[in-house]
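Asks: Can you keep this structure in mind? I'll have questions shortly.
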Amino acid sequence: MATPIRILSSMATKALLADLVARYPAAAEVDVELVSVGGVEAARRVEAGEPMDIVVLAASAIDQLTGKGCIVAGSRADIVKSGVAIAVRAGEPAVDISSEASVKAAILAARTIGYSTGPSGVYLAKLFDRWGITEQIKDRIVLAPPGVPVGAFMAKGEVDLGFQQLSELMPIGGITILGPMPAAIQLMTTFSGGIAATSSQPDAARALLDYMVSADTAGIKHDNGMEPA
């Protein structure tokens, strides 16, 4: 049997990539193995030289790994743009998230606030600093471990107000997604693919990446709460 094309990604694109692989026109002839972990863990595994063909992470992480020689130079392909959404536990009253001021007020009123260790979490920590509320809310923050969705804590009642990539909140039951962060404070993260330096089949990897960025995949991306890059 042919060696599978091995993809390593962060959790934010897990569902999207699974859908893209399932709809890949060459799927009947090409076996694809998808492994999704926390972004920090994914980067560590790439840097450790683990054999793989395609790496899908935030564009900035792909660029860093390229600079370290772990991703083939010039192979980066921008796949999707993804925004941060806000959610509450199912059955809880909705809160106003229509403006920067209302989101700040909702955070200050929340018993617990949850976000991840990924790009959205790093951004939110900086936003709280800019607002001057970090000290005020630090004891109410629940930081989801890498690879664990914030929604899982919300569904259990451990987080009142949660922030994460929309694509990571969508599959979680027991929560209500209120909508995206308002435009004034929205963070759009570009997720990109690159060919790993350890790839034994770079041509097959490039063909799959070309499909992932093609116009034919726009509907799949929208269905997963993302936009074509």
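Asks: For segment 38-75, which positions are under 15 Å from residue 8 (Cβ atoms), modelled with pLDDT of 95 or more and in a loop (DSSP other than H, G, I, E, B)?
Replies: 48, 49, 50, 51, 52, 53, 70, 72, 75
Asks: Determine whether residue 128 is crowded, with 16+ Cβ neighbours inside 10 Å, over 25 Å from residue 22 (Cβ atoms), without any contact (Cβ under 8 Å) to a residue 24 or more places away in the chain and aromatic (Phe, Trp, Tyr).
Replies: yes
Asks: Please enumerate the residues belonging to segment 204-229 that are open to solvent by 40 Å² or more (accessible area, probe 1.4 Å) and either assigned to a loop (DSSP other than H, G, I, E, B) or in contact (Cβ under 8 Å) with a residue 12 or more places away in the chain (or both).
Replies: Scanning segment 204-229 gives 206, 207, 210, 213, 215, 223, 227, 228, 229.
Asks: Name the residue that is most open to solvent (accessible area, probe 1.4 Å), counting only residues in segment 25-35 that are of a type outside the set (A, V, I, L, M) and modelled with pLDDT under 95.
Replies: Among those that are of a type outside the set (A, V, I, L, M) and modelled with pLDDT under 95, it is 29.
Asks: Can you pull out the residues in segment 36-65 that are open to solvent by 40 Å² or more (accessible area, probe 1.4 Å) and hydroxyl-bearing (Ser, Thr, Tyr)?
Replies: Correct list: 60 only.
Asks: Also, I was wondering about something else. Out of all the residues in segment 69-111, which are open to solvent by less than 20 Å² (accessible area, probe 1.4 Å) and either polar (S, T, N, Q) or more than 19 Å from residue 164 (Cβ to Cβ) (or both)?
Replies: Within segment 69-111, 71, 75, 77, 82, 102 meet the criteria.
Asks: OK, next. Out of segment 179-203, which residues are buried (at least 20 other Cβ atoms within 10 Å of the Cβ) and not polar (S, T, N, Q)?
Replies: 181, 191, 193, 194, 195, 196
Asks: When you go through (1) open to solvent by 50 Å² or more (accessible area, probe 1.4 Å); (2) farther than 15 Å from residue 12 by Cβ; (3) in contact (Cβ under 8 Å) with a residue 24 or more places away in the chain one by one for residue 117, which number turns out not to apply?
Replies: Only one criterion in (1) open to solvent by 50 Å² or more (accessible area, probe 1.4 Å); (2) farther than 15 Å from residue 12 by Cβ; (3) in contact (Cβ under 8 Å) with a residue 24 or more places away in the chain is unmet by residue 117, namely (2).
The values are calculated or read from the model by the stated rules, or taken from the named source; none is laboratory data. Keep in mind the model is a prediction, meaning the values are calculated, not measured. Neighbour counts run over all protein chains shown; Cβ positions are idealised from the backbone, glycine included. The accessibility values were calculated without ligands, DNA or RNA, using every heavy atom of the protein model including side chains. Shrake-Rupley method; radii C 1.70, N 1.55, O 1.52, S 1.80 Å.
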